1. Looking at the structure I just gave you, is Arg57 without any contact (Cβ under 8 Å) to a residue 12 or more places away in the chain, over 20 Å from Ala124 (Cβ atoms) and either open to solvent by 20 Å² or more (accessible area, probe 1.4 Å) or in contact with a Ser or Thr (Cβ under 8 Å, 6 or more places away or on another chain) (or both)?
2. Among the residues of region 67-88, what is the count of those that are modelled with pLDDT of 95 or more and open to solvent by less than 70 Å² (accessible area, probe 1.4 Å)?
3. Residue check: is Leu62 crowded, with 17+ Cβ neighbours inside 10 Å, under 10 Å from the mean Cα position of the chain (by Cα) and more than 19 Å from Val38 (Cα to Cα)?
4. Does Lys98 satisfy the criteria of being in a loop (DSSP other than H, G, I, E, B), free of Cβ contacts under 8 Å to residues at least 24 places away in the same chain, basic (Lys, Arg) and open to solvent by 40 Å² or more (accessible area, probe 1.4 Å)?
5. Any idea which of Lys98, Lys63, Lys84, Lys79 is over 19 Å from Trp40 (Cα atoms) and basic (Lys, Arg)?
Amino acid sequence: MTTIKLWTKFNGKPNSSIRSEGIRVTMGTRGEIYLNKVAWEAMDKPEAVELMFDFPRAVIGLKKVDPWIEDTFPVRSPKNATGKVIRANPFAVHHGIKPSRTVIFNKAHMDEGVLSLPLQAVTAINGGSR
């Protein structure tokens, strides 16, 4: 008798390897985007970012901009952390991006001065692993 199995591959890594390697970006349930030090430095240490969304590809884009420019989001330093946080809730709500748990962007990468965060390549993680 043949049994049909509908396997779904898990596209993620152990938290320990994600934490210590390269660009690491997460998004919390309230739309806050967390950048590790590597991601922040790859963006040339921005004080503020412009948030963009590529609808057809479902990709969030972060671009370094001067903090005095209108419609920008400040990049803040949370207490007791080496990374940075962007309080992007208005952006997330506007675009209907509402993770039910903290997610990590598995394919975050720099592309022509923009940090690209593909929504189709995320993994839910424990919020305490930052």
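The values are calculated or read from the model by the stated rules, or taken from the named source; none is laboratory data. Only a predicted model underlies this, so the values are computations on that prediction, with no experimental measurement involved. Using ideal geometry, Cβ is built from the backbone for each residue, glycine included, and neighbour counts are taken over all protein chains shown. Accessible surface areas use protein heavy atoms only, side chains included; no ligands, DNA or RNA. Shrake-Rupley method; radii C 1.70, N 1.55, O 1.52, S 1.80 Å.
1. Details: without any contact (Cβ under 8 Å) to a residue 12 or more places away in the chain: no; over 20 Å from Ala124 (Cβ atoms): yes; either open to solvent by 20 Å² or more (accessible area, probe 1.4 Å) or in contact with a Ser or Thr (Cβ under 8 Å, 6 or more places away or on another chain) (or both): yes.
Criteria not met by Arg57.
2. Going through region 67-88 one residue at a time, the tally reaches 8.
3. Working: crowded, with 17+ Cβ neighbours inside 10 Å: yes; under 10 Å from the mean Cα position of the chain (by Cα): yes; more than 19 Å from Val38 (Cα to Cα): no.
No; evaluated as a whole, the condition is false for this residue.
4. Numbers: in a loop (DSSP other than H, G, I, E, B): yes; free of Cβ contacts under 8 Å to residues at least 24 places away in the same chain: no; basic (Lys, Arg): yes; open to solvent by 40 Å² or more (accessible area, probe 1.4 Å): yes.
Considered against the rule, which asks whether it is in a loop (DSSP other than H, G, I, E, B), free of Cβ contacts under 8 Å to residues at least 24 places away in the same chain, basic (Lys, Arg) and open to solvent by 40 Å² or more (accessible area, probe 1.4 Å), Lys98 comes out as no.
5. Working: Lys63 fails: over 19 Å from Trp40 (Cα atoms); Lys84 fails: over 19 Å from Trp40 (Cα atoms); Lys79 fails: over 19 Å from Trp40 (Cα atoms).
Going through Lys98, Lys63, Lys84, Lys79 in turn, just one is over 19 Å from Trp40 (Cα atoms) and basic (Lys, Arg): Lys98.
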